[in-house]
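Read the structure below first, then the notes.
The values are calculated or read from the model by the stated rules, or taken from the named source; none is laboratory data. For clarity, every value in this text was computed on a predicted model and none was experimentally measured. Here Cβ is always computed from backbone atoms with ideal geometry, including for glycine, and neighbour counts include all displayed protein chains. Quick note on the areas: whole protein, heavy atoms, side chains included, nothing else; ligands and nucleic acids left out. Shrake-Rupley method; radii C 1.70, N 1.55, O 1.52, S 1.80 Å.
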Amino acid sequence: MPKYLKIAKSEQARAEDDAAVRATVERILAEIDAGGDATVRKLSQEFDRYSPEGFRLDERQIEEALSKVSARDLSDIRFAQDQVRGFATHQKAALRDIEVETIPGVVLGHRNIPVQSVGCYVPGGKYPMVASAHMSVVTAKVAGVPRIVASAPPQGGAPHPAIVAAMHLGGADEILCLGGIQAVGAMALGTETIRPVDMLVGPGNAYVAEAKRQLFGRVGIDLFAGPTETMVIADETVDAEICATDLLGQAEHGVNSPAVLLTTSEALARATMAEIERLLKILPTGPTAQRSWEDYGEVIVCESYDEMLEQANLIASEHVQVMTDRDDWFLENMTSYGALFLGPRTNVAYGDKVIGTNHTLPTRKAGRYTGGLWVGKFLKTHSYQKVLSDEASALVGEYCSRLCMLEGFVGHAEQANLRVRRYGGRNIPYGEAAL
(Lines give C-alpha, C1' and ligand atoms only; values in the text may rest on other atoms or scores of the structure.)
Protein backbone atom coordinates (compact mmCIF):
# COMPACT_ATOMS: atom_id res chain seq x y z
CA MET A 1 0.00 0.00 0.00
CA PRO A 2 1.60 3.33 -1.03
CA LYS A 3 2.34 5.83 1.75
CA TYR A 4 1.70 9.50 0.93
CA LEU A 5 4.12 11.89 2.62
CA LYS A 6 2.71 14.82 0.61
CA ILE A 7 -0.64 15.15 -1.20
CA ALA A 8 -1.53 17.56 -4.02
CA LYS A 9 -4.53 19.80 -4.57
CA SER A 10 -7.78 17.87 -5.08
CA GLU A 11 -9.25 17.07 -8.48
CA GLN A 12 -12.39 19.04 -7.54
CA ALA A 13 -10.38 22.20 -6.92
CA ARG A 14 -8.59 21.77 -10.25
CA ALA A 15 -11.94 21.31 -12.03
CA GLU A 16 -13.22 24.61 -10.62
CA ASP A 17 -10.19 26.40 -12.06
CA ASP A 18 -10.82 24.76 -15.45
CA ALA A 19 -14.46 25.89 -15.53
CA ALA A 20 -13.54 29.56 -15.24
CA VAL A 21 -11.00 29.27 -18.06
CA ARG A 22 -13.49 27.42 -20.27
CA ALA A 23 -16.11 30.19 -20.10
CA THR A 24 -13.59 32.93 -20.92
CA VAL A 25 -12.19 31.05 -23.91
CA GLU A 26 -15.62 30.27 -25.34
CA ARG A 27 -16.56 33.96 -25.27
CA ILE A 28 -13.30 35.14 -26.87
CA LEU A 29 -13.37 32.54 -29.66
CA ALA A 30 -16.91 33.59 -30.54
CA GLU A 31 -15.76 37.22 -30.73
CA ILE A 32 -12.85 36.30 -33.03
CA ASP A 33 -15.11 34.23 -35.27
CA ALA A 34 -17.51 37.16 -35.65
CA GLY A 35 -15.07 40.07 -35.68
CA GLY A 36 -12.01 38.81 -37.54
CA ASP A 37 -9.00 41.13 -37.73
CA ALA A 38 -10.63 43.92 -35.72
CA THR A 39 -11.24 41.63 -32.76
CA VAL A 40 -7.77 40.08 -33.01
CA ARG A 41 -6.22 43.55 -32.99
CA LYS A 42 -8.31 44.61 -29.98
CA LEU A 43 -7.31 41.49 -28.05
CA SER A 44 -3.63 41.88 -28.93
CA GLN A 45 -3.70 45.46 -27.68
CA GLU A 46 -5.57 44.45 -24.52
CA PHE A 47 -3.40 41.50 -23.54
CA ASP A 48 0.00 42.29 -25.11
CA ARG A 49 -0.07 46.07 -25.65
CA TYR A 50 0.78 45.35 -29.29
CA SER A 51 -1.09 46.64 -32.34
CA PRO A 52 1.11 46.80 -35.46
CA GLU A 53 -0.03 47.47 -39.02
CA GLY A 54 0.11 43.74 -39.69
CA PHE A 55 0.75 40.71 -37.50
CA ARG A 56 2.62 38.76 -40.17
CA LEU A 57 6.34 39.57 -40.24
CA ASP A 58 7.87 40.49 -43.59
CA GLU A 59 11.40 39.58 -44.71
CA ARG A 60 12.86 42.82 -43.40
CA GLN A 61 11.40 42.25 -39.94
CA ILE A 62 12.64 38.66 -39.90
CA GLU A 63 16.18 39.74 -40.86
CA GLU A 64 16.06 42.48 -38.25
CA ALA A 65 15.12 39.91 -35.59
CA LEU A 66 17.92 37.56 -36.66
CA SER A 67 20.44 40.40 -36.45
CA LYS A 68 19.63 40.78 -32.74
CA VAL A 69 20.49 37.15 -31.92
CA SER A 70 24.10 36.41 -31.02
CA ALA A 71 26.20 34.05 -33.13
CA ARG A 72 26.43 31.63 -30.18
CA ASP A 73 22.64 31.59 -29.71
CA LEU A 74 22.08 31.02 -33.44
CA SER A 75 24.58 28.16 -33.36
CA ASP A 76 22.84 26.62 -30.35
CA ILE A 77 19.45 26.90 -32.08
CA ARG A 78 20.86 25.20 -35.18
CA PHE A 79 22.35 22.40 -33.06
CA ALA A 80 19.03 21.75 -31.32
CA GLN A 81 17.15 21.82 -34.62
CA ASP A 82 19.63 19.37 -36.14
CA GLN A 83 18.85 16.91 -33.34
CA VAL A 84 15.07 17.32 -33.69
CA ARG A 85 15.27 17.12 -37.49
CA GLY A 86 17.48 14.04 -37.38
CA PHE A 87 15.23 12.07 -35.03
CA ALA A 88 12.07 13.12 -36.92
CA THR A 89 13.68 11.99 -40.18
CA HIS A 90 14.37 8.55 -38.71
CA GLN A 91 10.77 8.39 -37.47
CA LYS A 92 9.41 9.28 -40.89
CA ALA A 93 11.56 6.57 -42.50
CA ALA A 94 9.68 4.03 -40.38
CA LEU A 95 6.38 5.07 -42.00
CA ARG A 96 5.84 3.51 -45.41
CA ASP A 97 3.17 3.67 -48.05
CA ILE A 98 1.97 0.13 -48.73
CA GLU A 99 0.13 -1.72 -51.50
CA VAL A 100 -0.76 -5.42 -51.26
CA GLU A 101 -2.83 -7.88 -53.28
CA THR A 102 -4.96 -9.48 -50.58
CA ILE A 103 -6.73 -11.96 -52.84
CA PRO A 104 -6.18 -12.40 -56.61
CA GLY A 105 -7.36 -9.23 -58.34
CA VAL A 106 -7.97 -7.18 -55.16
CA VAL A 107 -5.37 -4.53 -54.33
CA LEU A 108 -5.45 -2.53 -51.08
CA GLY A 109 -3.07 0.17 -49.98
CA HIS A 110 -2.48 3.30 -48.01
CA ARG A 111 -0.61 6.55 -48.56
CA ASN A 112 0.82 8.83 -45.88
CA ILE A 113 -0.18 12.37 -46.92
CA PRO A 114 0.98 15.46 -45.02
CA VAL A 115 -1.57 17.79 -43.47
CA GLN A 116 -1.68 20.71 -45.92
CA SER A 117 -1.45 23.62 -43.47
CA VAL A 118 -0.42 23.73 -39.83
CA GLY A 119 -0.45 26.50 -37.22
CA CYS A 120 2.42 26.19 -34.73
CA TYR A 121 1.97 28.11 -31.49
CA VAL A 122 5.12 29.02 -29.54
CA PRO A 123 4.56 30.30 -25.99
CA GLY A 124 6.36 33.50 -25.08
CA GLY A 125 4.76 34.88 -21.93
CA LYS A 126 6.77 34.42 -18.74
CA TYR A 127 9.34 32.31 -20.60
CA PRO A 128 10.09 32.68 -24.33
CA MET A 129 10.00 28.99 -25.27
CA VAL A 130 12.37 29.01 -28.23
CA ALA A 131 12.52 25.22 -28.18
CA SER A 132 8.82 24.91 -29.00
CA ALA A 133 9.57 26.29 -32.46
CA HIS A 134 11.97 23.40 -33.07
CA MET A 135 9.47 20.82 -31.89
CA SER A 136 6.58 21.98 -34.07
CA VAL A 137 8.00 23.80 -37.08
CA VAL A 138 10.97 21.51 -37.75
CA THR A 139 8.90 18.35 -37.29
CA ALA A 140 6.14 19.61 -39.58
CA LYS A 141 8.77 20.47 -42.19
CA VAL A 142 10.22 16.95 -42.07
CA ALA A 143 6.69 15.56 -42.51
CA GLY A 144 6.34 17.61 -45.71
CA VAL A 145 3.63 20.07 -44.62
CA PRO A 146 3.38 22.61 -47.50
CA ARG A 147 2.27 25.61 -45.41
CA ILE A 148 3.56 26.15 -41.89
CA VAL A 149 2.33 29.18 -39.96
CA ALA A 150 4.17 29.95 -36.72
CA SER A 151 2.94 32.40 -34.10
CA ALA A 152 4.34 33.73 -30.82
CA PRO A 153 3.39 36.69 -28.66
CA PRO A 154 5.42 39.90 -28.60
CA GLN A 155 7.85 40.65 -25.79
CA GLY A 156 8.31 44.27 -24.82
CA GLY A 157 6.18 45.44 -27.71
CA ALA A 158 8.13 43.63 -30.43
CA PRO A 159 8.69 40.13 -31.84
CA HIS A 160 11.08 38.06 -29.69
CA PRO A 161 14.27 37.81 -31.79
CA ALA A 162 15.32 34.29 -30.75
CA ILE A 163 11.83 32.86 -31.29
CA VAL A 164 11.63 34.48 -34.73
CA ALA A 165 15.08 33.08 -35.54
CA ALA A 166 14.03 29.57 -34.49
CA MET A 167 10.82 29.76 -36.53
CA HIS A 168 12.65 31.03 -39.59
CA LEU A 169 15.55 28.57 -39.38
CA GLY A 170 13.06 25.76 -38.75
CA GLY A 171 11.28 26.46 -42.04
CA ALA A 172 8.13 28.43 -41.18
CA ASP A 173 6.41 29.85 -44.26
CA GLU A 174 4.53 32.57 -42.35
CA ILE A 175 5.54 34.09 -39.02
CA LEU A 176 3.01 35.95 -36.90
CA CYS A 177 3.68 38.11 -33.86
CA LEU A 178 0.48 37.25 -32.04
CA GLY A 179 -0.18 35.47 -28.76
CA GLY A 180 -2.75 33.74 -26.65
CA ILE A 181 -6.31 32.86 -27.59
CA GLN A 182 -6.24 35.44 -30.37
CA ALA A 183 -3.32 33.65 -32.04
CA VAL A 184 -4.76 30.13 -32.09
CA GLY A 185 -8.24 31.52 -32.80
CA ALA A 186 -7.03 33.53 -35.79
CA MET A 187 -5.02 30.61 -37.20
CA ALA A 188 -7.89 28.15 -36.82
CA LEU A 189 -10.84 30.35 -37.75
CA GLY A 190 -9.13 32.68 -40.20
CA THR A 191 -9.50 36.44 -40.56
CA GLU A 192 -9.43 38.89 -43.45
CA THR A 193 -5.61 38.74 -43.49
CA ILE A 194 -4.83 35.30 -42.01
CA ARG A 195 -5.81 32.20 -43.96
CA PRO A 196 -7.06 29.41 -41.69
CA VAL A 197 -4.99 26.30 -41.12
CA ASP A 198 -6.02 22.65 -40.99
CA MET A 199 -4.28 21.79 -37.73
CA LEU A 200 -3.01 23.50 -34.55
CA VAL A 201 0.01 22.28 -32.60
CA GLY A 202 2.21 23.46 -29.76
CA PRO A 203 1.96 24.05 -26.01
CA GLY A 204 0.59 27.11 -24.25
CA ASN A 205 -0.97 28.37 -21.05
CA ALA A 206 -4.34 27.20 -19.75
CA TYR A 207 -6.22 29.57 -22.08
CA VAL A 208 -4.33 28.46 -25.19
CA ALA A 209 -4.82 24.81 -24.26
CA GLU A 210 -8.55 25.33 -23.72
CA ALA A 211 -8.86 27.25 -26.98
CA LYS A 212 -7.29 24.33 -28.85
CA ARG A 213 -9.68 21.95 -27.10
CA GLN A 214 -12.71 24.02 -28.13
CA LEU A 215 -11.44 24.39 -31.71
CA PHE A 216 -10.86 20.65 -32.12
CA GLY A 217 -13.16 19.35 -34.83
CA ARG A 218 -13.06 22.60 -36.73
CA VAL A 219 -9.33 21.93 -37.03
CA GLY A 220 -7.13 19.08 -35.93
CA ILE A 221 -4.87 19.44 -32.91
CA ASP A 222 -1.82 17.60 -31.67
CA LEU A 223 -3.29 16.72 -28.25
CA PHE A 224 -5.16 18.11 -25.27
CA ALA A 225 -2.43 19.72 -23.16
CA GLY A 226 -2.56 20.82 -19.55
CA PRO A 227 0.16 22.21 -17.27
CA THR A 228 3.58 20.59 -17.42
CA GLU A 229 3.89 17.46 -15.27
CA THR A 230 6.92 15.58 -14.02
CA MET A 231 7.48 12.39 -12.07
CA VAL A 232 10.68 11.06 -10.59
CA ILE A 233 10.87 7.31 -9.96
CA ALA A 234 13.87 6.67 -7.73
CA ASP A 235 15.43 4.23 -5.31
CA GLU A 236 18.45 4.40 -3.02
CA THR A 237 20.87 4.31 -5.99
CA VAL A 238 20.48 8.11 -6.31
CA ASP A 239 20.55 10.99 -3.84
CA ALA A 240 18.16 13.69 -2.74
CA GLU A 241 19.93 16.49 -4.61
CA ILE A 242 19.33 14.97 -8.04
CA CYS A 243 15.71 14.07 -7.19
CA ALA A 244 14.94 17.55 -5.86
CA THR A 245 16.64 19.28 -8.77
CA ASP A 246 14.73 17.24 -11.35
CA LEU A 247 11.40 17.90 -9.62
CA LEU A 248 11.92 21.66 -9.28
CA GLY A 249 13.30 21.89 -12.81
CA GLN A 250 9.76 21.36 -14.07
CA ALA A 251 7.81 22.94 -11.18
CA GLU A 252 9.21 26.32 -12.25
CA HIS A 253 7.08 26.17 -15.43
CA GLY A 254 4.04 27.54 -13.62
CA VAL A 255 2.16 27.63 -10.35
CA ASN A 256 0.09 24.58 -11.27
CA SER A 257 2.72 22.14 -12.57
CA PRO A 258 2.43 18.75 -10.82
CA ALA A 259 5.68 17.19 -9.59
CA VAL A 260 5.60 13.68 -8.08
CA LEU A 261 8.29 11.62 -6.37
CA LEU A 262 7.76 7.84 -6.36
CA THR A 263 10.29 5.91 -4.35
CA THR A 264 10.85 2.70 -2.40
CA SER A 265 13.00 4.58 0.13
CA GLU A 266 11.33 6.68 2.82
CA ALA A 267 14.74 8.02 3.79
CA LEU A 268 15.27 9.30 0.22
CA ALA A 269 11.74 10.74 0.18
CA ARG A 270 12.25 12.77 3.36
CA ALA A 271 15.73 13.87 2.32
CA THR A 272 14.35 15.02 -1.05
CA MET A 273 11.61 17.06 0.63
CA ALA A 274 14.23 18.75 2.81
CA GLU A 275 16.47 19.39 -0.22
CA ILE A 276 13.56 20.94 -2.11
CA GLU A 277 13.05 23.41 0.74
CA ARG A 278 16.76 24.31 0.63
CA LEU A 279 16.82 24.77 -3.15
CA LEU A 280 13.65 26.87 -3.18
CA LYS A 281 15.48 29.50 -1.13
CA ILE A 282 18.19 29.95 -3.77
CA LEU A 283 16.37 29.15 -7.04
CA PRO A 284 15.72 32.38 -9.00
CA THR A 285 12.35 30.97 -10.10
CA GLY A 286 11.67 29.82 -6.54
CA PRO A 287 8.43 31.75 -5.95
CA THR A 288 6.75 30.04 -8.91
CA ALA A 289 8.22 26.62 -8.16
CA GLN A 290 7.29 26.90 -4.48
CA ARG A 291 3.61 27.56 -5.19
CA SER A 292 3.57 24.69 -7.67
CA TRP A 293 5.27 22.33 -5.19
CA GLU A 294 3.02 23.36 -2.30
CA ASP A 295 -0.22 22.90 -4.25
CA TYR A 296 0.65 20.16 -6.74
CA GLY A 297 3.68 18.32 -5.36
CA GLU A 298 3.33 14.73 -4.15
CA VAL A 299 5.68 12.30 -2.43
CA ILE A 300 4.69 8.64 -2.47
CA VAL A 301 6.62 5.84 -0.79
CA CYS A 302 5.96 2.39 -2.26
CA GLU A 303 6.67 -1.03 -0.83
CA SER A 304 8.10 -2.50 -4.04
CA TYR A 305 9.12 -1.78 -7.62
CA ASP A 306 5.90 -3.41 -8.80
CA GLU A 307 3.91 -0.97 -6.68
CA MET A 308 5.90 1.96 -8.09
CA LEU A 309 5.14 0.72 -11.61
CA GLU A 310 1.43 0.42 -10.80
CA GLN A 311 1.30 3.95 -9.35
CA ALA A 312 3.28 5.39 -12.26
CA ASN A 313 0.88 3.91 -14.82
CA LEU A 314 -2.12 5.23 -12.84
CA ILE A 315 -0.70 8.75 -12.66
CA ALA A 316 0.45 8.67 -16.32
CA SER A 317 2.70 11.69 -15.97
CA GLU A 318 3.91 13.74 -18.93
CA HIS A 319 7.61 13.42 -18.07
CA VAL A 320 8.91 10.39 -16.18
CA GLN A 321 12.50 10.45 -14.91
CA VAL A 322 13.58 6.92 -13.90
CA MET A 323 16.66 6.53 -11.69
CA THR A 324 16.77 3.04 -10.24
CA ASP A 325 18.80 -0.15 -10.40
CA ARG A 326 16.39 -1.44 -13.08
CA ASP A 327 15.67 1.44 -15.48
CA ASP A 328 15.20 -0.82 -18.52
CA TRP A 329 12.62 -2.86 -16.58
CA PHE A 330 10.49 0.29 -16.32
CA LEU A 331 11.02 0.95 -20.04
CA GLU A 332 9.75 -2.54 -20.84
CA ASN A 333 6.77 -2.43 -18.48
CA MET A 334 5.48 1.14 -18.33
CA THR A 335 2.46 1.71 -20.54
CA SER A 336 1.13 5.18 -19.69
CA TYR A 337 3.35 8.27 -19.87
CA GLY A 338 4.45 11.08 -22.17
CA ALA A 339 8.18 10.46 -22.40
CA LEU A 340 10.71 8.47 -20.37
CA PHE A 341 14.10 9.75 -19.25
CA LEU A 342 16.17 6.78 -18.20
CA GLY A 343 19.06 7.00 -15.77
CA PRO A 344 20.67 9.90 -13.88
CA ARG A 345 22.76 10.99 -16.88
CA THR A 346 19.67 12.27 -18.72
CA ASN A 347 16.87 14.54 -17.55
CA VAL A 348 13.68 16.25 -18.70
CA ALA A 349 15.48 19.46 -19.67
CA TYR A 350 17.48 17.54 -22.29
CA GLY A 351 14.23 16.38 -23.89
CA ASP A 352 12.62 19.80 -23.53
CA LYS A 353 15.38 21.71 -25.25
CA VAL A 354 17.91 19.85 -27.32
CA ILE A 355 18.32 16.07 -27.37
CA GLY A 356 15.97 15.49 -30.32
CA THR A 357 12.80 13.90 -28.98
CA ASN A 358 9.68 16.08 -29.03
CA HIS A 359 8.66 18.00 -25.92
CA THR A 360 4.96 18.42 -26.80
CA LEU A 361 3.59 15.55 -24.73
CA PRO A 362 0.31 14.26 -23.26
CA THR A 363 -0.76 15.52 -19.83
CA ARG A 364 -3.68 14.86 -17.48
CA LYS A 365 -3.45 11.09 -17.92
CA ALA A 366 -3.75 11.33 -21.71
CA GLY A 367 -0.66 9.13 -21.93
CA ARG A 368 -3.10 6.25 -21.41
CA TYR A 369 -4.32 6.64 -25.00
CA THR A 370 -1.91 8.82 -26.96
CA GLY A 371 1.73 9.62 -27.38
CA GLY A 372 3.18 13.07 -27.95
CA LEU A 373 3.79 15.20 -31.01
CA TRP A 374 5.95 13.50 -33.63
CA VAL A 375 6.35 13.47 -37.38
CA GLY A 376 3.46 11.01 -37.74
CA LYS A 377 1.00 13.52 -36.23
CA PHE A 378 1.44 15.65 -39.35
CA LEU A 379 0.73 12.74 -41.68
CA LYS A 380 -2.70 11.38 -42.53
CA THR A 381 -2.84 7.72 -43.52
CA HIS A 382 -5.39 7.34 -46.32
CA SER A 383 -6.43 3.95 -47.66
CA TYR A 384 -7.43 3.03 -51.22
CA GLN A 385 -8.62 -0.05 -53.10
CA LYS A 386 -8.53 -1.37 -56.64
CA VAL A 387 -10.29 -4.42 -58.08
CA LEU A 388 -8.45 -5.60 -61.17
CA SER A 389 -10.54 -8.48 -62.52
CA ASP A 390 -14.18 -9.35 -63.19
CA GLU A 391 -13.79 -12.53 -61.15
CA ALA A 392 -12.53 -10.67 -58.09
CA SER A 393 -15.32 -8.09 -58.24
CA ALA A 394 -17.98 -10.79 -58.51
CA LEU A 395 -16.47 -12.80 -55.64
CA VAL A 396 -16.26 -9.86 -53.24
CA GLY A 397 -19.68 -8.68 -54.44
CA GLU A 398 -21.40 -11.88 -53.37
CA TYR A 399 -20.06 -11.65 -49.83
CA CYS A 400 -20.80 -7.93 -49.70
CA SER A 401 -24.38 -8.41 -50.92
CA ARG A 402 -25.23 -10.90 -48.19
CA LEU A 403 -23.54 -8.90 -45.43
CA CYS A 404 -25.38 -5.73 -46.46
CA MET A 405 -28.74 -7.51 -46.39
CA LEU A 406 -27.85 -8.92 -42.95
CA GLU A 407 -27.75 -5.32 -41.73
CA GLY A 408 -30.81 -4.23 -43.71
CA PHE A 409 -28.91 -1.94 -46.11
CA VAL A 410 -30.65 -2.80 -49.38
CA GLY A 411 -29.12 0.11 -51.31
CA HIS A 412 -25.66 -0.98 -50.21
CA ALA A 413 -26.43 -4.52 -51.33
CA GLU A 414 -27.47 -3.28 -54.77
CA GLN A 415 -24.04 -1.67 -55.24
CA ALA A 416 -22.61 -5.14 -54.82
CA ASN A 417 -25.36 -6.91 -56.80
CA LEU A 418 -24.80 -4.68 -59.83
CA ARG A 419 -21.18 -5.82 -60.00
CA VAL A 420 -22.15 -9.46 -59.55
CA ARG A 421 -24.64 -9.15 -62.43
CA ARG A 422 -22.25 -7.20 -64.67
CA TYR A 423 -18.97 -8.99 -63.96
CA GLY A 424 -20.14 -12.38 -62.75
CA GLY A 425 -23.03 -13.04 -65.10
CA ARG A 426 -25.40 -13.75 -62.21
CA ASN A 427 -29.09 -12.82 -62.38
CA ILE A 428 -29.92 -11.45 -58.93
CA PRO A 429 -33.38 -9.88 -58.50
CA TYR A 430 -33.29 -6.25 -57.44
CA GLY A 431 -33.33 -5.89 -53.63
CA GLU A 432 -32.37 -9.48 -52.89
CA ALA A 433 -29.12 -10.93 -51.59
CA ALA A 434 -26.73 -12.90 -53.74
CA LEU A 435 -26.96 -16.61 -53.00
**Message:** Report D for segment 234-372 in µm² per second (integer): Stokes-Einstein, Kirkwood Rh on Cα pairs, 37 °C, 0.692 mPa s.
**Reply:** 218
**Prompt:** When DSSP assigns beta bridges and you keep just the ones with both residues in segment 49-206, what percent turn out antiparallel, to the nearest 5?
**Reply:** 35
**Prompt:** By the gyration tensor of its Cα atoms, with a ≥ b ≥ c the square roots of the eigenvalues, what is the shape of segment 171-215: rounded for a/c under 1.5, prolate for a/b over b/c, or oblate?
**Reply:** prolate
**Message:** What is the angle, in °, between the Cα long axis of helix 266-280 and the longest principal axis of the Cα atoms in the chain? Nearest 10 is fine, range 0 to 90.
**Reply:** 70
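Which net charge results when you count Lys and Arg as +1 and Asp and Glu as -1 among the other residues whose beta-carbon is under 14 Å from that of Thr346? All intermediate terms of the calculation are to be shown ahead of the outcome.
Values: positive: Arg345, Lys353; negative: Asp246, Asp327, Asp328, Asp352.
Residues close to Thr346 contribute a combined charge of -2.
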**Request:** Quantify, in whole percent, the carbon and sulfur part of the accessible surface of segment 95-242 (1.4 Å probe; protein heavy atoms only).
**Result:** 54
**Request:** Over the alpha-carbon set of the chain, divide Rg by the Kirkwood Rh and report the Rg/Rh ratio to two decimals.
**Result:** 1.07
**For segment 207-277, the Rg and Dmax computed from alpha carbons only, in angstrom** = 16.5, 51
**Request:** Divide, for segment 1-66, the radius of gyration over alpha carbons by 2.2 N^0.38 Å, where N is the residue count.
**Result:** 1.89
**Complete:** Computed from the beta carbon distance with a Förster radius of 51 Å, FRET efficiency for Arg278 and Ser51 to the nearest 0.05 stands at 0.65
**Asked** Hey, which lysines would be in cross-link range of Lys386, C-alpha to C-alpha under 30 Å, not counting anything within fewer than 8 residues on its own chain?
**Response** Lys92, Lys377
**Fill in**
Rounded to the nearest 10 degrees, the helix 286-296 long axis (Cα) sits at an angle to the longest Cα principal axis of the chain of 60
**Sites His412 and Val107 - FRET efficiency at Förster radius 30 Å, r taken between beta-carbons, to 0.05** = 0.85
**Fill in**
Between the residues Ser401, Gly338, Thr360, the Cα farthest towards the positive end of the dipole of segment 323-435, that dipole coming from +1 and -1 charges on the beta-carbon of Lys, Arg, Asp and Glu, is from Thr360
**Asked** 222 nm [θ] for the chain, helices only, -39500 (n - 2.57) per DSSP H run of 4+, per residue, to 500?
**Response** -14500 deg cm²/dmol
**Prompt:** Under the Kirkwood approximation for Rh and a Cα-based Rg, what ratio Rg/Rh is obtained for segment 378-420?
**Reply:** 1.14
**Per residue accessible area of the chain, 1.4 Å probe, in Å²** = 48
**Request:** Leaving ligands, DNA and RNA out of it, report the carbon-plus-sulfur percent of the accessible area of segment 284-435 at a 1.4 Å probe.
**Result:** 52
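Relative to the compact-globule scaling 2.2 N^0.38 Å, provide the ratio for the alpha-carbon radius of gyration of segment 86-227.
1.18
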**Item:** Cα-based helix-to-principal-axis angle, 161-170 vs the chain, degrees rounded to 10
**Value:** 30
**Asked** Got a sec? Charge dipole of segment 37-162, +1 on Cβ for Lys and Arg, -1 for Asp and Glu; which of Ala38, Ala140, Tyr50 is way out at the positive end?
**Response** Tyr50
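Just for the chain, what percent of DSSP beta bridges are antiparallel, to the closest 5?
Numbers: 19 of 53 bridges.
About 35 percent, rounded to the nearest 5.
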**Prompt:** Whose amide H sits under 5 Å from the amide H of Met231, counting only residues 5 or more places off or on another chain, with H placed in the peptide plane?
**Reply:** Val260, His319, Val320, Gln321
**Asked** Over all distinct alpha-carbon pairs, what is the Kirkwood Rh of segment 47-146 in angstrom?
**Response** 17.1
